[in-house]
Amino acid sequence: MSTSRAKHFDVRRVLTKTPLARQHERRLDGKATRKPKPIPWGAFDRRPFPKPAIDLALDSCVKLAIGEYGAVQLYAQLTSAMALAGLPLDLVTASASICTDEARHADYAMQMARALTGDDVPIRVEKEVLETPWKKEVSLEDIDIAILHVAALSETISCALVAACLERATDATARALFANLVSDEVHHARFGWYYLSWRSPQWTRAERQRLADSMASNVVMIERRFWRGRDAPTSAAGAARALGVLESEGQRAAVRAVMESEIVPVLDSLGLGASHAWRMRERGGAGDAPEGELHQS
């Protein structure tokens, strides 16, 4: 992967004028550690939960693990691209720190899958999907697009969905899992928005338009992509909810709320015209839309 054909480039100690700079300074002083809260894996008892609830929670955990594991590679490549582009150090260190979080999240999801089944549950990762975007020369505009979709949009939606799972969950282990995820996803989303706030004054009109076009193609499909959640049969609905399983109606509400209260207004403030794309969005229907995941990488 390369961001430039030049044989060398100069790196200066430059920081952005965003809260990421303060976080970077705290890292240098050894004060920036966000400690995960303990998750009581040994306290989980799967016996009271009916099979339909276990199956839905397991499917959610497996998909979560796949997404989070893939995000490790994605943020590693993104960090490398930013370093090769000579971007401010606080952006580079913020991206690098997310890699560790994503690996931990994948581990959490696999541990929860084991708690649900009593055995290890392997996940299948599509290598080509992860590698393809980084096989070409990567420009600063490519970095903008990746951060827009992965850090700003995806992480913000992920935060809303996990928060909705936490709101439903009553099982202590599930609640601790979701609480840890939410705590991290908030910071990942902020990284994306802070990056865009730093970059937006530098965009040319053509660059802004291309980014707006890329944003629009994602935004118009978001509601449809998350239209169907994991709906348990009536007899298992309470148990599924206790495990934090997010049903279709709740999933749609969470996505719509975060899009309209947070994502669309901020994208508009960046001059990307998200309101128009959101008004033109495609809505799903029963059985005709793919199932959304907690983490879209």
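Some points to look at:
- You will find that of LEU166, LEU153, the residue that is in contact with a Lys or Arg (Cβ under 7 Å, 6 or more places away or on another chain), in a helix (DSSP H, G or I) and within 20 Å of GLN251 (Cα to Cα) is LEU166 and no other.
- Members of segment 115-135 that are small (Gly, Ala, Ser) and surrounded by 10 or more Cβ atoms within 10 Å (Cβ to Cβ): ALA115
- Every pair of residues 6+ apart whose Cβ atoms lie under 8 Å, when the first sits in segment 219-248 and is of a type in the set (Val, Ile, Thr) while the second is open to solvent by 60 Å² or more (accessible area, probe 1.4 Å) and in a loop (DSSP other than H, G, I, E, B): VAL220/MET280; VAL220/GLU282
- Filter result for VAL138 (aliphatic (A, V, I, L, M), open to solvent by less than 10 Å² (accessible area, probe 1.4 Å) and modelled with pLDDT under 95): yes
- Inter-residue pairs, beta-carbon under 9 Å, first within 30 Å of THR117 (Cα to Cα) and in segment 26-43, second open to solvent by 60 Å² or more (accessible area, probe 1.4 Å) and of a type in the set (D, E, K, R), 6+ apart: TRP41/ARG114
- Qualifying residue in segment 208-229 (condition: among the charged types (D, E, K, R) and closer than 30 Å to ASP107 by Cβ): yes
- Scanning segment 194-233 for residues that are under 15 Å from LEU267 (Cβ atoms) and part of a loop (DSSP other than H, G, I, E, B) returns a single hit, TRP203.
- The conditions of being farther than 24 Å from ILE98 by Cβ and crowded, with 17+ Cβ neighbours inside 10 Å are met by ASP171.
- Test result for ALA240, surrounded by 15 or more Cβ atoms within 10 Å (Cβ to Cβ) and either modelled with pLDDT of 95 or more or within 30 Å of TRP41 (Cβ to Cβ) (or both): yes
- Scan of segment 92-106 for residues that are in contact (Cβ under 8 Å) with a residue 40 or more places away in the chain, within 18 Å of ILE66 (Cα to Cα) and open to solvent by 20 Å² or more (accessible area, probe 1.4 Å), ordered by number: ARG104
The values are calculated or read from the model by the stated rules, or taken from the named source; none is laboratory data. Since the structure is predicted, the reported quantities are computational estimates derived from the model, not experimental observations. Note that each Cβ is placed from the backbone with ideal geometry, even for glycine, and that neighbours are counted across all protein chains shown. Note: accessible area is taken over every heavy atom of the protein model, side chains too, but ligands, DNA and RNA are not part of it. Shrake-Rupley method; radii C 1.70, N 1.55, O 1.52, S 1.80 Å.
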